[in-house]
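Since the structure comes first, as structure tokens, the remarks are kept for the end.
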Amino acid sequence: MVHIADKTKHFKMQSFAMKTLNSLFGWILVLGVLMIPVLCQDEESVITVCQEEDNDLRVDCFLEPRLNYHTDYEFSMSKGQKEIIINTNISGIMPDPKFRHNTFVTELEPYGFRLTIMSFTVIENTTFICKVTKVQKTLFVELDSIEPCSAISVFLLGYPWLNLLVPLCILQLWEAC
């Protein structure tokens, strides 16, 4: 025979677990919504452009390198018909002189590269180009659409599996209403 105290204890534990999960889903939804403005996504890549607090411009390129190839990268930008190379690790190609000493690239996990241009502000509509191991993706950025980089978007981009939970959060919130 099950005692009423055992049922009450079980109900309280179940209630606590559901509240904790709902809270977690709520936070993930909030984080996902805050990240949306800085993403341009298609089935193969994600490219983001944002302005950091210290006025550095950051371009994240999540292109998966091709297997059995040396991983080359090249970041450039295009204004009209002219393409300007910003940074690359491809031998024989030199970046534009104005970008030689104020840019750096870091590798991202699980794949991809982050370009940082120090003390740089976009002053006109610009297309950013990212090439990784012979695959190229572009992102057109309008002058007024550059978002500030947020710690939340950096967190979510570092853990892309969290983005898979956003639809679940939306369902949970919808069912709660």
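All of the numbers you see were taken from the coordinates with simple rules; none came from a lab. Computed from a predicted model, the values in this text were never measured in an experiment. We place every Cβ from the backbone using ideal geometry, glycine too, and count neighbours over all the protein chains shown.
Things worth noting here:
- Residue-span extension gain [LEU143 to GLU107] - 0.36 nm each, minus C-alpha spacing: 10.3 nm
- Treating r as the C-beta distance of THR121 and ASN68 and R0 as 41 Å, the FRET efficiency rounds to 0.55.
- Charge tally for TYR69 (other residues, Cβ to Cβ under 13 Å; Lys, Arg +1; Asp, Glu -1): +1.
- Percent of C-alpha pairs per 5 Å bin in segment 42-145, short distances first: 2, 12, 24, 28, 20, 10, 3, 1, 0.
- When only the Cβ of Lys, Arg, Asp and Glu is charged (+1, +1, -1, -1), the dipole of segment 42-145 relative to its Cα centre reaches about 520 debye.
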